[in-house]
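Enquirer: This is the structure, below, for whatever I ask next.
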Protein chains: 2
Amino acid sequence: MHDDSEANRQLQVYHALRQALLDGELQPGQRLKIRDLAEHYAASTMPVRAALQRLVAEGALRSAPQRSVQVPVLRREEYQQLLSVRLALEPMAAAQALPRLTPDERAALGALVQRMASALSQQDAAGYLRGNADFHLRLYRACGNPVLLRLIEGLWLQVGPVFTQLFNDQRLHAGLNAAHEAAWKALQADDSPALARAIHDDLADCGELLAHLLP
Amino acid sequence: MHDDSEANRQLQVYHALRQALLDGELQPGQRLKIRDLAEHYAASTMPVRAALQRLVAEGALRSAPQRSVQVPVLRREEYQQLLSVRLALEPMAAAQALPRLTPDERAALGALVQRMASALSQQDAAGYLRGNADFHLRLYRACGNPVLLRLIEGLWLQVGPVFTQLFNDQRLHAGLNAAHEAAWKALQADDSPALARAIHDDLADCGELLAHLLP
DNA sequence: ATTGACTTTTTGTGATCACAAATTCAAGAA
DNA sequence: TTCTTGAATTTGTGATCACAAAAAGTCAAT
């Protein structure tokens, strides 16, 4: 149990907004106004300001000077740039994580693969996406390289909004889980290169699927 | 000419602090206090607060809740984590940049390699380091991938302080420029893989040199 | 001298006000 | 209607005050 007592108000707001982004509760292009959020979170404008500025600094939100913060609308080109960086970092993190996984974490990852499969068969997009984020980030968190992990989490925060939105009105096909099954096999075989390859394929497949849906 | 009119006070302070970090004017471990900086930059506490929080969000500064922000002191382990990510990203950026370089930029890069060589022969550590940062970042800026560039600049901001500090009382040997000469050769030959390899070697050499000087 | 508790000062965080720039809205002209 | 124009409102940014937590300083006791 990590003692996130949430000391500061601005940290509470920050984490709330962060989760909202990952959960796709914020539409791309939506404008986030300080006073509105302050009212919504029952806070003063000050912590909200700080939280927004932090998210902007992390690239999760965009803001022009003197203008409202808004959740980024990714054009195809930007999305592919994001993807190319993820392809460089995430397989690496996965490979480094594999030998460091505890039995508990392995079991949790296996359960997530299974949960994603059942979510797919039930056309439960939200469930699949939550499982997908859990699976990847939980795996990467074991990589033992906080710097790398920090970058990856920042990238997920940037892809989050489009990622969830685009799947909502998209027919889900079972092939989406193939790469995860391959990753799970590599995981059980303690085969780091195969795991890296599986993660790479997962990102590339899913990336291509989304890329041609963007403006 | 890019119209950096520096609209906001907080942006001015941010860029000033950022440059101070890259130039090694801030010692690792040094505490940055809001009111002191406000006085130094003839600003109110508000823009300074925002600038500091942004730098913290980017990883360039550290802060525990309710405590002063301070320039990070990197232990060897953290430095190597930073290095391993840089090794994944910077050669990639260099390779993508090569075919996009204009003749002007090529010439500027060549001049920088030469300037670094002469700085080395004169034991001018500061000049060498400035040239080094200029060379790398100018090269990467041509990569055409803003996402990638942003991450790399963030990483340089994090290594900046130790980088400059450690070289100041260190004898400079000419071998430090070997990788840059190799990069310059690859650049003239339009050989992207060779350029990527040269950048990789540069980081690795310089990284190893610094790693065993850290606590 | 060194450690410990206590007091004083410093410092980050939150709240509120002021203001200029940006946005929205409405009325009028084509 | 569609576009323009100008007033009215909203909204980000900066300034200042208040307060609790942290740091620094003080001094007595061992």
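Enquirer: Return the pair list, or none, for Cβ contacts closer than 7 Å from residues in the stretch B:52-74 that are farther than 16 Å from A:VAL56 by Cα to residues that are hydroxyl-bearing (Ser, Thr, Tyr) and surrounded by 15 or more Cβ atoms within 10 Å (Cβ to Cβ), at least 6 apart or on different chains.
Expert: Note: pairs meeting the criteria are B:VAL69/B:SER63.
Enquirer: May I pose another question? Contact list please: Cβ distance under 7 Å, first residue in the stretch B:122-151 and on the phi > 0 side of the Ramachandran plot and modelled with pLDDT under 95, second residue open to solvent by less than 70 Å² (accessible area, probe 1.4 Å) and not aromatic (Phe, Trp, Tyr), pairs at least six apart or on different chains.
Expert: Close Cβ pairs (under 7 Å, with a partner that is open to solvent by less than 70 Å² (accessible area, probe 1.4 Å) and not aromatic (Phe, Trp, Tyr)) amount to B:GLN123/B:LEU172.
Enquirer: Report the residue count in the stretch B:82-104 for those that are more than 11 Å from chain A (Cβ to nearest Cβ), hydrophobic (A, V, I, L, M, F, W, C) and part of a helix (DSSP H, G or I). Break it down stepwise before answering.
Expert: In the first step, residues of the stretch B:82-104 are kept if they are more than 11 Å from chain A (Cβ to nearest Cβ); the result is B:94-95, B:97-104.
From what is left, the residues that are hydrophobic (A, V, I, L, M, F, W, C) are B:94-95, B:97-98, B:101.
This time we only want the ones that are part of a helix (DSSP H, G or I), so: B:94-95, B:97-98.
Selection size over the stretch B:82-104: 4.
Enquirer: Among the listed residues B:ASP205, B:ASP104, B:ASP134, B:ASP201, which satisfies the condition of being more than 30 Å from A:GLU153 (Cα to Cα) and open to solvent by 10 Å² or more (accessible area, probe 1.4 Å)? Break it down stepwise before answering.
Expert: Working: B:ASP205 fails: more than 30 Å from A:GLU153 (Cα to Cα); B:ASP134 fails: more than 30 Å from A:GLU153 (Cα to Cα); B:ASP201 fails: more than 30 Å from A:GLU153 (Cα to Cα).
None of the others qualify; the one that does is B:ASP104.
Enquirer: Kindly establish whether B:SER84 is under 30 Å from A:ARG49 (Cβ atoms) and either out of contact with any Leu (no Cβ under 6 Å at 6 or more places or on another chain) or loosely packed, with under 15 Cβ neighbours inside 10 Å (or both).
Expert: Numbers: under 30 Å from A:ARG49 (Cβ atoms): no; either out of contact with any Leu (no Cβ under 6 Å at 6 or more places or on another chain) or loosely packed, with under 15 Cβ neighbours inside 10 Å (or both): yes.
Spelling it out, it is not the case that B:SER84 is under 30 Å from A:ARG49 (Cβ atoms) and either out of contact with any Leu (no Cβ under 6 Å at 6 or more places or on another chain) or loosely packed, with under 15 Cβ neighbours inside 10 Å (or both).
Enquirer: Testing B:ARG67 on (1) within 13 Å of DNA strand D (Cβ to nearest atom); (2) under 27 Å from A:TYR140 (Cα atoms), one condition comes back false. Which one is that?
Expert: Of the numbered conditions (1) within 13 Å of DNA strand D (Cβ to nearest atom); (2) under 27 Å from A:TYR140 (Cα atoms), the odd one out for B:ARG67 is (2).
Enquirer: Which condition breaks for B:LEU129 when tested against (1) within 14 Å of chain A (Cβ to nearest Cβ); (2) buried (at least 20 other Cβ atoms within 10 Å of the Cβ)?
Expert: Unmet condition: (1).
Enquirer: Filter the stretch A:155-186 for residues that are within 21 Å of B:ALA60 (Cα to Cα) and open to solvent by less than 20 Å² (accessible area, probe 1.4 Å) and give the result. Spell out the reasoning first.
Expert: Initially, the stretch A:155-186 is screened for residues within 21 Å of B:ALA60 (Cα to Cα), giving A:155-158.
Residues satisfying the conditions are A:LEU155, A:TRP156, A:LEU157.
The values are calculated or read from the model by the stated rules, or taken from the named source; none is laboratory data. Note that the structure is predicted; figures quoted are calculated from it, not measured. Cβ: placed from backbone, ideal geometry, glycine included. Neighbour counts: every protein chain shown. Remember, those area values only see protein heavy atoms, side chains included, never the ligands or the DNA or RNA. Shrake-Rupley method; radii C 1.70, N 1.55, O 1.52, S 1.80 Å.
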